[in-house]
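The block underneath contains the structure these notes are about, expressed in structure tokens.
The values are calculated or read from the model by the stated rules, or taken from the named source; none is laboratory data. Here the structure is a predicted model, which is why all the values come from computation and not from measurement. Note: ideal-geometry Cβ built from the backbone for every residue, glycine included; neighbour counts use all protein chains shown.
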Amino acid sequence: MERMAGELSGILEHVDRIGELELDDVPPTSHVVELENVLRPDEPRPSWPREDILAQAPDPADGAFRVPSPQADS
Amino acid sequence: MVEMRELSVADAAAGIASGEISREEYFEAWRGAAAGDELGAYLWQSDAAAAGLPIAVKDIFCTEGVPTTAGSRILEGYRPPYTATAVRRLAEAGFQVLGKTNMDEFAMGSSNENSAFGPVRNPWDRERVPGGSSGGSAAAVGGGLAPCAIGTDTGGSIRQPAALCGIVGLKPTYGAISRYGMIAFASSLDQCGPLTRDVTDAALLLDALQGRDPCDSTSVGIEGGVKPPSRESLEGLHFAVPAELAHDAIESGVRAVFESTLKRIEGLGGEIAEVPLTHAEHGISAYYVIAPAEASANLARYDGVRYGMRAEELGDLISMYESTRAEGFGDEVKRRIMLGTYALSSGYYEAYYGRAQKVRTKIAGDYASAFSSFDFVVTPTSPSVAFGLGEKVDDPLAMYMNDFFTVPMSLAGIPAISIPAGLAEPDGGGPQLPVGFQIAAPAFGEQRLLETAYALEQEIGFDARPGSVSDG
């Protein structure tokens, strides 16, 4: 953890250089390709077979994903 | 058999189509080569009957019923119920997966040393890295273990390993190829692309891969597809060299190869001038905010509930999440999740993520203005030739600097190709190693980019192979 804290500080120090730039009137870019909203026909399609999806789960049970209780063991 | 493997993919495909080459024999020749992998390039190899042109696929692409790990423990044992669109399109074009290739965990890395399943070795010198994150794909093609491969590039992960392994690597325009089924790292930057021995094969693969996909709303494809390049002259074309390059930290051997390649461009009739790309130097800073921020959101899905591994030690639900992630993720992934969540946290959001997005606008603007008077921007692909295994693992910032020349194009979303331009010794001496030359073009300018890369490739005539060069 200590090693990583030092590494992250070093990285942030480098990243802080963007603080020197004059960016007040610059719009942010979250996405580079200009896209229009794409719509598709709303047609029903079969969903994934439940058993195929559950087959990948670490602990499937009764057709669902089983997880430990949110409460600590009593 | 060796002769068959010397053929380009385009020539082999033509030979198979005309009946001169047996499809089965061709595939088996490559299967045999892949089976002899001593580089750690493959994580899985196919034993299916030969039915297509062999291709190595980075283990970040979901393949139905076939292990897909993205180089991470957390996905150990995962067999996706579906296949990525890119891989499906390759199959429709006659390709068959030869194997899945090793990679930096979740594509985070520039040396392939961040794989949970061991490093990949550079075919030119096994004590050196192949680059990353598509290091397995690059080493497989460069080392003669696959005729061609696909990888993904978020900040240089196709181009940099291609450069370090002496092959061609293309990052297409963001949106050219579907990302459906490609395990997400940084969704606004990730893009699939080919790693091949020559430019013609890169065009062949890109044509098969590109296209709009209803499963990825950001995919648009390349209008008109991609044709085999044939250009011979660079007459009338204008190439921009970033003015800042003169001061950048570049190995002397890399700089020499870069400058001799500029002379070749002029010899072919191209015109070269310097142009300021003033914000490119801030690319690394912006990238190492934006990519970790997106990654920290994307990786939240690995929670030990629906797929992949779950830690043995349980307790309540929250401690199950925590111990699964503690055991399942490697150091670099943890580092980036911490960076990303920090950059997105309330109070720091504007200073980091907000500003980084603005720098992204500035970088894209620099390129847009360069392309108003130039056709291409050229740089070395990587500041150095392949470095030693372990050399930079303890210094993440030094590792990030490998991406200095490749990150700006990713932030701008434009296509860029790396072609092998020659060999050079590392600073301080060592063997002769490949040097990549990077060419970037405006968005969706892939055809012109490939034509230019092809003309330059013919002029360079790079034919060195690992083992054919004696240690210097």
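When the criteria are applied in full, residue B:296 meets the requirement of being within 14 Å of chain A (Cβ to nearest Cβ), touching a Ser or Thr at 6+ places or on another chain (Cβ under 6 Å) and assigned to a helix (DSSP H, G or I).
Here residue B:290 does not fit the description of being within 13 Å of another protein chain (Cβ to nearest Cβ), within 23 Å of the chain's Cα centre (by Cα) and closer than 23 Å to residue B:436 by Cβ. Considering B:155, B:77, B:151, B:135, the condition of being within 14 Å of chain A (Cβ to nearest Cβ) and within 16 Å of the chain's Cα centre (by Cα) is satisfied by B:155 alone. Tell me, which residue of segment B:319-354 that is free of Cβ contacts under 8 Å to residues at least 40 places away in the same chain and of a type in the set (D, E, K, R) is farthest from residue B:283 (Cα to Cα)? Out of the qualifying residues, it is B:322.
Among the residues of segment B:233-257, those that are touching a residue at least 60 places away in the same chain (Cβ under 8 Å), over 24 Å from residue B:372 (Cα atoms) and not polar (S, T, N, Q) comprise B:248, B:249, B:250, B:251, B:253, B:254, B:255, B:256, B:257. Can you pull out the residues in segment B:253-287 that are within 14 Å of chain A (Cβ to nearest Cβ), surrounded by 20 or more Cβ atoms within 10 Å (Cβ to Cβ) and hydroxyl-bearing (Ser, Thr, Tyr)? Residues satisfying the conditions are B:285, B:287.
Residues considered: A:40, A:50. Of these, the only one that is surrounded by fewer than 12 Cβ atoms within 10 Å (Cβ to Cβ) and more than 7 Å from chain B (Cβ to nearest Cβ) is A:50. For residue B:16, indicate whether it is in contact with a Cys (Cβ under 7 Å, 6 or more places away or on another chain), farther than 18 Å from residue B:116 by Cα and either surrounded by 16 or more Cβ atoms within 10 Å (Cβ to Cβ) or of a type in the set (A, V, I, L, M) (or both). Considered against the rule, which asks whether it is in contact with a Cys (Cβ under 7 Å, 6 or more places away or on another chain), farther than 18 Å from residue B:116 by Cα and either surrounded by 16 or more Cβ atoms within 10 Å (Cβ to Cβ) or of a type in the set (A, V, I, L, M) (or both), residue B:16 comes out as no. Scanning segment A:16-24 for residues that are without any contact (Cβ under 8 Å) to a residue 24 or more places away in the chain and within 23 Å of the chain's Cα centre (by Cα) turns up nothing.
Residue B:166 passes every criterion in (1) closer than 30 Å to residue B:337 by Cβ; (2) in contact (Cβ under 8 Å) with a residue 40 or more places away in the chain; (3) touching a Pro at 6+ places or on another chain (Cβ under 7 Å) apart from (1).
The residue that is surrounded by the most Cβ atoms within 10 Å (Cβ to Cβ), among those in segment B:289-348 that are touching a helix residue (DSSP H, G or I) at 6+ places or on another chain (Cβ under 9 Å) and among the aromatic types (Phe, Trp, Tyr), is B:307.
Got at least one residue in segment B:411-419 being surrounded by fewer than 22 Cβ atoms within 10 Å (Cβ to Cβ) and of a type in the set (Val, Ile, Thr)? For segment B:411-419, residues surrounded by fewer than 22 Cβ atoms within 10 Å (Cβ to Cβ) and of a type in the set (Val, Ile, Thr): absent. Only one entry of A:69, A:30, A:9 meets the criterion of being exposed (fewer than 11 other Cβ atoms within 10 Å of the Cβ) and within 25 Å of the chain's Cα centre (by Cα), and that entry is A:9.
For residue A:4, the criteria (1) farther than 20 Å from residue B:412 by Cβ; (2) under 26 Å from the mean Cα position of the chain (by Cα); (3) more than 7 Å from chain B (Cβ to nearest Cβ) hold in every case but one, which is (3). For residue A:14, state whether it is at pLDDT below 90 and surrounded by 12 or more Cβ atoms within 10 Å (Cβ to Cβ). Criteria not met by residue A:14. Among the residues here, residue B:175 qualifies as more than 17 Å from residue B:451 (Cα to Cα) and crowded, with 24+ Cβ neighbours inside 10 Å.
Residues that are more than 8 Å from every other protein chain (Cβ to nearest Cβ) and either touching a residue at least 60 places away in the same chain (Cβ under 8 Å) or in a helix (DSSP H, G or I) (or both) within segment B:355-375 comprise B:363, B:365, B:366, B:367, B:368, B:369, B:370, B:371, B:373, B:374, B:375, listed in sequence order. State which residue is nearest to residue B:250 (Cα to Cα) when the search covers only segment B:382-431 and only residues that are within 14 Å of another protein chain (Cβ to nearest Cβ), in contact (Cβ under 8 Å) with a residue 24 or more places away in the chain and among the charged types (D, E, K, R). Ranking the candidates gives B:403 first. For segment B:103-119, a residue qualifies if it is under 23 Å from residue B:308 (Cα atoms) and assigned to a loop (DSSP other than H, G, I, E, B), and the qualifying residues are B:103, B:104, B:108, B:109, B:112, B:113, B:114, B:115, B:116, B:117, B:118, B:119.
Taking segment B:299-331 as the range and being more than 8 Å from chain A (Cβ to nearest Cβ) and either over 19 Å from residue A:57 (Cα atoms) or touching a Pro at 6+ places or on another chain (Cβ under 6 Å) (or both) as the test, only B:330 passes.
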